[in-house]
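The values are calculated or read from the model by the stated rules, or taken from the named source; none is laboratory data. Here the structure is a predicted model, which is why all the values come from computation and not from measurement. So basically every Cβ, Gly included, is an ideal-geometry build from the backbone, and we count neighbours across all protein chains shown.
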Amino acid sequence: MENLGYLAVLLAFCLSVYAVPASVVGRVRNKPFLIVSAERSVYAIWFLVTAASAILVYALMAGDFRFAYVASHSNRAMPAVYKFAAWWGGQEGSLLFWSWLLACYAVVVILLNRRRNRQIMPYVTAILMSVQAFFLLMNAFVANPFQMLAVDRLITAVPDGRGLNPQLQYFAMAIHPPMLYLGYVGFTVPFAFAVASLIRRMPGDAWIHTTRRWTLVTWLFQSIGILLGAKWAYHALGWGGYWAWDPVENASLLPWITATAFLHSVMMQEKKGMMKVWNVVLISSTFFLCIFGTFITRSGLISSVHAFAQSPLGRYFIAFLALGIAATVYLILDRLEFLKSEARLESVVSRESSFLFNNLILLASCFAVLWGTLFPKISELVSGEQISLDATWFNRLMIPIGLFLLFLTGVGPLFAWRRTSVDSLRRNFLWPSLASAALVAGLLLAGVRHIYALISFGFCVLVALTIVAEFYKGASAIAAKNHMNFARALLELTHRNTRRYGGYLVHMGIVLMFVGFTGAAFNRDATAEVSVGSSMRIGHYTLKVDRLTEGDNENYNWHRARLQVYKNGDYLGSLEPERRFYKANEQSLGHIGLRSRPHEDLYVNFASMSDDNTKAVIQAYIFPLVPWIWIGSAVLVFGTLVALVPSKVKMQYARTEVVGIARKYAPVEK
């Protein structure tokens, strides 16, 4: 069975290598049979990688401990869901999972474009298969998931495996990495179309219309992956946070930032024919940052709780990144004449300028996160000593950037194209600004003195009210004109332009998440060693230890504390935090107790037991407003899904006006 799995990977690698020249030569020499054979190779690659993946998953589920990968990442006591999740829980398996997802994406691209984009599809296929060949090369010759355990060249098996890392044995682990991978891998497709259009010297808009919806879906997967990762960190790691500016966390955020910038600036290209170079650069940067994130996770270059151990994969990724970036930069510079803007920026107070500022701030945040992530390695190269930048450094830099982006989220969509009048500004922002100022004044009177918290709450109210006003004005007009109730008019309004109003919902989700982020300014924590009958206090809460128990199962030993929770003397219920010691890999992990309410979370972690097992070390936290992060996440996902629904009214952009503007500013030939 192991030979069949490895053979499938090897054959898939050979086919991906064949598909690259077959596609290009078929297009250049006008040989349709070569183009068709390359596309059929894509189907064959999917079948082979699927077969290889099925063999590995079967070995994990069946507990075939002759496989080195199975022995390292699974054991008999693990629940079935974690045995399946072990497919992407280790180095070799995650690379195979990447290859499988890319093969799935490639098949979908070929099927959807059987009769469309035929001029560039051979190049799209070649680019996709180049990436496919790289990852299959890793699996075939560097990180083979079908490596067998052997003693004196004889295949052997261990009685049981080490099991999956305890930190990964959490329900979100079965969802978080696949979603993140769907984002990472999915950005290969719009990148392939962008580069193919450059190769063919096609007008800048062709690939935009083909890949806009695809990019939005991929961005959605990336967003869900990041948010699930934050939820996993909050619940599974026991430190009470949802984001620590860890290098691998940052690596997932970087392509999300550039993809967000792309999704905004692409509207400028569709509406005004502007920012064509920006869009090619942004989607290319997104793809290479995905590869860079994969490189950080797998090379061991920078230590992280999320990263795999050091491996020889790093130099292969560096070579791939260097070649890919060099080729892309050459193409962009060589094809600049095909990427000229059709219009110019006419006013600073306009929607065009808001998109431009939005992109500049997003790219500044991307550079800041990238610099902070790589700084330990940069400092080592310069001074010989690794200097890490902690969360305080990132927060000091990123909080002002985030607040400015929050402000642009509210004001940008309400600016008019070309130029915004003073009357329009007053009409759109007067009442939201007054409400925002009133809230800030009320918070100051209530004793809040945290400057960033005041600014954030003020901006949240401003942005939320501008979004609500947009829905209210549009729905009221439809209700009055068509004599329907407001709720139905609201649905009609959204359906008429799902892209616009879905975007507003996404912005509202961001606002709600910022409310949750701002609550961190008021966090509290306490740590105490407690025994049965004793208690500890944190804020208005009293935690009394009712009992301490212990036990075990096949997978782990556990100690559990039952804590009775009182608030101002009133009994609220109980929490049962737990400490687990996993037998197979001899690691311990906390299982938190959580009382969540809309205004705050009471978060309790079982840190350790005393040497005589009579006292427990309990860490208690109060996290104000954290639930709004998860509520905002749900709204963001819902808004993106709305934006993906086809609009009832087909929006046609007036590019004839844009051409006129372009001609107006065109240089006069002498």
> Only one residue in 430, 397, 408, 439 is of a type outside the set (S, T, N, Q), under 29 Å from the mean Cα position of the chain (by Cα) and over 20 Å from residue 244 (Cβ atoms), so which one is that?
Replying inline: 408
>> Among the numbered criteria (1) closer than 27 Å to residue 293 by Cα; (2) touching a residue at least 12 places away in the same chain (Cβ under 8 Å); (3) not charged (D, E, K, R), which one does residue 161 miss?
In response: (1)
> Within region 546-556, is even one residue surrounded by 16 or more Cβ atoms within 10 Å (Cβ to Cβ), part of a strand (DSSP E or B) and within 33 Å of the chain's Cα centre (by Cα)?
Replying inline: yes
> How about region 63-112: which of its residues are under 25 Å from residue 40 (Cβ atoms) and of a type outside the set (A, V, I, L, M)?
Replying inline: 97, 98, 99, 100, 104, 105
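In region 424-467, what residues are of a type in the set (Ser, Thr, Tyr) and not in a helix (DSSP H, G or I)? Outline the logic, then answer.
Of the residues in region 424-467, the ones of a type in the set (Ser, Thr, Tyr) are 424, 433, 436, 452, 456, 466.
Within region 424-467, none qualify.
Please verify whether residue 495 is part of a helix (DSSP H, G or I), more than 23 Å from residue 628 (Cα to Cα) and at pLDDT below 95, treating the condition exactly as stated. Give the steps one after another, and end with the answer.
Numbers: part of a helix (DSSP H, G or I): yes; more than 23 Å from residue 628 (Cα to Cα): yes; at pLDDT below 95: yes.
Considered against the rule, which asks whether it is part of a helix (DSSP H, G or I), more than 23 Å from residue 628 (Cα to Cα) and at pLDDT below 95, residue 495 comes out as yes.
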> Out of all the residues in region 198-216, is one or more aromatic (Phe, Trp, Tyr), under 14 Å from residue 259 (Cα atoms) and either over 12 Å from the mean Cα position of the chain (by Cα) or surrounded by 24 or more Cβ atoms within 10 Å (Cβ to Cβ) (or both)?
Replying inline: yes
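Determine whether residue 114 is modelled with pLDDT under 95, within 21 Å of residue 192 (Cβ to Cβ) and not in a helix (DSSP H, G or I). Let's see the steps before the verdict.
Details: modelled with pLDDT under 95: yes; within 21 Å of residue 192 (Cβ to Cβ): yes; not in a helix (DSSP H, G or I): yes.
When the stated conditions are applied, residue 114 passes them.
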>> Let me spell it out: the conditions are (1) crowded, with 20+ Cβ neighbours inside 10 Å; (2) without any contact (Cβ under 8 Å) to a residue 12 or more places away in the chain, and residue 451 meets all of them except one. Which number is the exception?
In response: (1)
> Checking residue 52 against (1) modelled with pLDDT under 95; (2) under 30 Å from residue 585 (Cα atoms), which single condition isn't satisfied?
Replying inline: (1)
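Within region 28-49, work out how many residues are of a type in the set (Lys, Arg) and either touching a Lys or Arg at 6+ places or on another chain (Cβ under 9 Å) or at pLDDT 95 or above (or both). Let's see the steps before the verdict.
First, the residues of region 28-49 that are of a type in the set (Lys, Arg): 29, 31, 40.
So of that shortlist, the ones also either touching a Lys or Arg at 6+ places or on another chain (Cβ under 9 Å) or at pLDDT 95 or above (or both) come out as 40.
Count: 1.
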> So which residues in region 36-57 are of a type in the set (A, V, I, L, M) and under 34 Å from the mean Cα position of the chain (by Cα)?
Replying inline: 38, 42, 44, 45, 48, 49, 51, 52, 54, 55, 56, 57
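If I go through region 363-391 residue by residue, how many of them are more than 23 Å from residue 405 (Cβ to Cβ) and acidic (Asp, Glu)?
Filtering region 363-391 for residues more than 23 Å from residue 405 (Cβ to Cβ) gives 376-388.
Among the residues that remain, those that are also acidic (Asp, Glu) are: 380, 385.
Total meeting the criteria: 2.
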> Got at least one residue in region 378-395 being loosely packed, with under 15 Cβ neighbours inside 10 Å, out of contact with any Asp or Glu (no Cβ under 7 Å at 6 or more places or on another chain) and at positive phi?
Replying inline: yes
> How many residues, within region 360-407, are small (Gly, Ala, Ser) and free of Cβ contacts under 8 Å to residues at least 40 places away in the same chain?
Replying inline: 6
> Any idea which of (1) assigned to a helix (DSSP H, G or I); (2) out of contact with any Cys (no Cβ under 9 Å at 6 or more places or on another chain) is the one residue 184 doesn't satisfy?
Replying inline: (2)
